[in-house]
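Notes follow once the structure below has been shown.
The values are calculated or read from the model by the stated rules, or taken from the named source; none is laboratory data. Keep in mind that this is a model prediction, so the values were computed, not measured. A quick note on method: Cβ atoms are made from the backbone with ideal geometry, for glycine too, and the neighbour counts reach across all protein chains shown. In case anyone asks, the SASA skips ligands and DNA or RNA and just uses the protein heavy atoms, side chains included. Shrake-Rupley method; radii C 1.70, N 1.55, O 1.52, S 1.80 Å.
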Amino acid sequence: MAYITLSEIMKMDDLETIFSKVYSAINIINFFKQFMQGAVDDPEVLQAVESNPILCRSGKMLKRHMAAALQVVFLDQKLAAAFYRQQTDTCREVLYILTWYGDKSLSILEQLLKKRIAKKNLGCRNYLEPFVLTSGLELLLLDVCQVYFYQNNVSKKDNIMVFLPRQIIEVFRKCLPKPAAYYLTPLKRKPETDFIYSGE
């Protein structure tokens, strides 16, 4: 898969393009297979799947077909919630954090989760992708902070951001429970102040 920067992903308009351009064919196949296998155990989800011709396409499905099918899944709140439930415990934790609290560095995420979620990339592309995520976290994306990229200082997890495309965040915000601090709590009375500022 070609290396794609965060700024390039931000310019993409729809989920089908994101799945097709950002994720590898292997990941797309695994996402789709995992979802379809999980649907078999959920009668309500299976009924929704069977009623959609894009999800029940006959014959060989290429990457573009699976990208289109995943877009259908993510645009349906019930199916998107099912997709989320099918992820590993660790993946669900990370997805929730990124959905409601924004991008986090690898080091911050590992501190929050109290577990390791990435290891050093020993392959030939490690100058572009210094770390790889552990199995089950393929939906997450990594981006090198550009200031560190140019300083050749990308070997630290502090300098690697974990993120989700904006469109995927918007999907999960519709089907995941909101954090406790999401709603503002009104004050019963104004707090005491030492002074009052006047713009006059």
Gaussian network model of the chain, Cα within-10 Å springs - most flexible of 129, 44, 138: 44
With a Förster radius of 41 Å, plug the Cβ-Cβ distance of residue 178 and residue 36 into 1/(1 + (r/R0)^6) and report the FRET value to the nearest 0.05. 0.90
For residue 11, list the lysines whose Cα falls under 30 Å from its own Cα; do not include residues on the same chain fewer than 8 positions away. 21, 33, 63, 78, 104, 119, 120, 156, 157, 174, 178
Regression test value, accessible area per residue of the chain, probe 1.4 Å, units Å², expected 63
Once label points are set 7 Å from the Cα along Cα→Cβ at both residue 116 and residue 170, what is their separation, rounded to one decimal in nm? 3.8
For the chain, built as a Gaussian network whose Cα springs stay under 10 Å, the top-fluctuating residue of 136, 59, 123: 59
Count the net charge of all other residues whose Cβ sits under 14 Å from the Cβ of residue 39, scoring Lys and Arg as +1 and Asp and Glu as -1. -2
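Using a ≥ b ≥ c from the Cα gyration tensor of the chain (square roots of the eigenvalues), is it rounded, prolate or oblate, where a/c under 1.5 gives rounded and otherwise the larger of a/b and b/c decides, a/b for prolate?
Cα axes put the chain in the oblate bin.
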